[in-house]
Amino acid sequence: MTTPTGLPDALQLLRDRVAAAPLGLDTSGRDAAARTAHAVVDQVDDYLLPRLRDLDAPLLTVVGGSTGAGKSTLVNSVLRARVTTPGVLRPTTRAPVLVCAPADRAAFAGDRVLPGLTRTTGGEAGPGGLQLVTHEGLPPGLALIDAPDVDSVVEANRDLAGQLLAAADLWVFVTTAARYADAVPWDLLRTAQERGTALAVVLDRVPPEAVREVADDLAGMLQRARLAGARLFVIEERPLVDGFLPEDQVAPLRDWLHGLAADAEQRAAVVRQTLAGALESLGDRVDVVVAGVEEQAVAAEALSTAADAAYARARAAIDEAVGNGSLLRGEVLSRWQEFVGTGEWMRSLQGQVGRIRDRVTAAFTGRATPAADLTGALESGVELLLRAEADRAAETTVTSWRTLPGGISLLDGREIELDGVSPSFAGASADEVRAWQGHVLELVRSEGAGKRSRARLLSWGVNGAGAVVMVAVFASTAGLSGAEVVVAGGTTAIGQRVLEAVFGDAAVRELAARARADLDARAARLLRAEQGRFDALLDDAAPQPGAAAELRAAVAALTDARRAVA
């Protein structure tokens with residue numbers, strides 16, 4: 001047989017994309033998708049690619065079945081030699097034993113098939129290994145693997161048995177008269193049917209008087225499972241002869257296997273059946289992986305939306321608090337009153353702007369401490385606001401993630417760490433607020449530069465003028481009531497009138513707007529950095545856009561490649 005060139009490449013592409021399928025979020029379908037992806041990758045690596053690259057390689061026959069069904073004894077009896085170890089302790093077969101003709105040793109000594117299993121010769125293999133035995137009793141063109149139990153109590157044995165069955169050209173399933181209807185073996189038989197695997201069934205340990213009845217019942221079950229094409233061999237329950245099954249009982253199976261080895265056409269037919277069935281099954285199996293990836297994308301979107309919403313609310317809350325005057329309460333309000341004066345200065349509201357300018361000039365030059373106190377109170381107030389909203393956003397995000405698919409596993413013990421602001425937030429927010437205040441002062445300096453009539457005032461009190469601009473940013477009184485409105489609103493209005501006299505009405509509005517925009521940008525930057533902790537967790541686990549589409553495209557490419565060589 002010739003090897004189709006484009007098919008292995010298309011299969012390799014599909015294998016790589018399935019292996020890379022992003023299934024990092026703990027969603028309801030994640031485990032099933034991960035198991036399916038793992039099984040697909042194993043079968044491609046262990047069987048499909050090696051077989052496509054060497055269609056004439058020896059027929060790999062895996063002898064598998066239930067615990068205690070007599071698989072090892074059957075293999076030894078076919079060869080009339082003790083190449084594998086049967087026993088009464090279960091599970092007995094831990095590492096698989098591969099037996100081939102000496103002429104075929106090179107075909108199995110390397111990693112062409114089952115590349116993940118380390119080869120051992122001259123002794124039993126340990127976990128993760130494959131014992132390679134050559135024997136003259138097996139004709140060239142045929143290899144047998146004695147596999148672990150498909151229903152072993154040891155999970156690693158069950159997994160390995162499934163992997164070996166997926167790597168087989170031919171599966172010889174061994175069961176007994178007492179256990180042929182067990183559920184676990186039939187699950188695997190159905191899998192063989194779905195994948196089109198060539199199959200023979202050995203019914204072992206059948207009481208001679210019940211051979212016809214039990215064999216007919218099993219044949220009926222095979223037919224109902226759409227496995228009527230499977231060859232059925234019945235072995236009666238007889239005493240072993242020198243540790244082997246009686247010759248007349250095992251001869252039909254041996255003759256059939258040797259016939260396959262000797263007949264290249266029959267052997268090729270078995271290979272084609274199993275190969276075509278396995279390739280055909282990939283579409284439905286990859287669909288399971290695609291569904292898992294799509295579920296991941298939906299879950300990731302929900303988690304991302306929850307974090308976005310929490311931090312958007314934090315930005316909105318900061319925006320509202322900055323604009324509604326609520327920052328002019330308490331300490332800030334007290335320092336502002338000290339800065340501009342309350343009693344006499346409030347009574348001078350009706351006076352001329354010139355007199356107001358003189359009072360504020362004195363405040364700017366002779367009262368540096370009140371200006372510094374006011375700036376410090378504003379700094380503390382803004383920092384407290386930023387921390388409170390960042391804390392609330394983090395707590396809200398954690399609470400939301402706990403209720404969403406994949407969220408709990410992403411948090412994974414990080415709740416305490418993520419339930420509030422990051423350790424670096426206090427320093428970062430202090431730096432941003434101080435930088436904002438420095439920016440405001442620079443705006444004041446820039447606005448007064450080159451204006452001779454106003455330069456003197458600015459040189460007297462840039463810090464004071466800057467403090468008035470900062471207060472003007474929070475000048476709305478929507479968050480205040482009663483006397484606070486009168487004091488905050490009135491004094492802010494006076495400060496603004498002085499600034500308007502110095503810079504002009506439009507310039508003052510521009511100063512306040514620019515100062516507010518800069519503060520908004522800094523608050524948004526802080527919140528983005530805080531949300532980034534959640535985004536980073538999600539980015540590590542969530543699928544990239546188009547991941548599911550790439551899997552579908554790889555399946556389509558494989559379908560096209562198969563059509564091209566059909």
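The values are calculated or read from the model by the stated rules, or taken from the named source; none is laboratory data. Since this is a predicted model, take the numbers as computed values, not measurements. No Cβ is skipped: glycine too gets one built from the backbone with ideal geometry, and neighbour counts run over all protein chains shown. Accessible surface is based on the protein model in full, side chains and every heavy atom, while ligands, DNA and RNA are left aside. Shrake-Rupley method; radii C 1.70, N 1.55, O 1.52, S 1.80 Å.
Using the crude model of +1 on Lys and Arg Cβ and -1 on Asp and Glu Cβ, and no other charge, please compute the dipole size for the stretch 69-193 relative to its Cα centre, in debye to 20.
220
Going toward the positive end of the dipole of the stretch 201-254, with +1 on Lys and Arg Cβ and -1 on Asp and Glu Cβ, which of 218, 244, 230 do you reach last?
Sorting the options by dipole projection puts first 230.
Non-local amide H neighbours of residue 142 (under 5 Å, H modeled in plane, Pro and chain starts lacking H): which ones?
Those qualifying (amide H under 5 Å, at least 5 residues apart or on another chain) are 59, 101.
Calculate what fraction, in whole %, of the accessible area of the stretch 40-199 sits on carbon and sulfur atoms when a 1.4 Å probe is rolled over the protein chains.
51
Convert each backbone phi in the stretch 215-221 into a coupling constant with the Karplus relation 6.51 cos²θ - 1.76 cosθ + 1.60 (shift: θ = phi - 60°), then list the ³J(HN,Hα) values in order as whole Hz, x for Gly and Pro.
4, 5, 5, 5, 4, x, 5
Just add up the charged neighbours of residue 186: K/R +1, D/E -1, any other residue whose Cβ is under 11 Å from the Cβ of residue 186.
Result for the local shell: 0.
Report, by chain and number, residues whose modeled amide H sits under 5 Å from the one on residue 119, excluding near sequence neighbours (fewer than 5 apart, same chain).
130
In nm, what is the difference between 0.36 nm times the number of residues separating residue 276 and residue 106 and their Cα-Cα distance?
Using 0.36 nm per residue and subtracting the Cα-Cα distance, I get 58.6 nm.
Taking θ = phi - 60°, what integer Hz values does the Karplus form 6.51 cos²θ - 1.76 cosθ + 1.60 yield along the stretch 232-243, in sequence order, with x for Gly and Pro?
Running phi through 6.51 cos²θ - 1.76 cosθ + 1.60 with θ = phi - 60° gives 10, 10, 10, 10, 6, 7, 9, x, 5, 10, 6, x Hz.
On a C-alpha basis, how far is the centre of the stretch 206-273 from the centre of the stretch 132-184 in Å? Whole number, if you could?
14
Counting other Cβ atoms within 10 Å, which GluC sites (Glu not before Pro) in the stretch 136-217 have at most 11 and lie in a DSSP loop?
Of the GluC sites (Glu not before Pro), the ones in loops of the stretch 136-217 whose Cβ has at most 11 other Cβ atoms within 10 Å are 136.
How large is the dipole of the stretch 142-217 about the Cα centre if only Lys and Arg carry +1 and Asp and Glu carry -1, each at its Cβ, rounded to the nearest 20 debye?
120
Assigning unit charges at the beta carbon (Lys, Arg +1; Asp, Glu -1) and nothing else, what dipole magnitude in debye, to the nearest 20, does the stretch 13-143 show about its Cα centre?
Around 280 debye, computed over the stretch 13-143.
Net charge around residue 73, counting only other residues with Cβ within less than 13 Å of its Cβ (Lys, Arg = +1; Asp, Glu = -1)?
That sum, taken over residues with Cβ under 13 Å, equals +1.
At 0.36 nm per residue, minus the direct Cα-Cα distance, what do residue 156 and residue 211 gain on full extension? Give it in nm, one decimal, please.
Working it through step by step, the gained length comes to 16.4 nm.
Using θ = phi - 60° and the Karplus relation 6.51 cos²θ - 1.76 cosθ + 1.60, list the HN-Hα couplings for the stretch 11-24 in order, rounded to whole Hz, with x at every Gly or Pro.
Listing the rounded values in order: 5, 4, 4, 4, 4, 5, 6, 5, 4, 8, 4, x, 10, x Hz.
Between the stretch 35-91 and the stretch 528-566, what is the C-alpha centre distance in whole Å?
So the two Cα centres are separated by 34 Å.
Would you pull out the residues with amide H under 5 Å of residue 204's amide H, same chain only if 5 or more places away, H placed 1.01 Å from N?
Counting only residues 5 or more places away or on other chains, the set is 175, 176, 177, 235.
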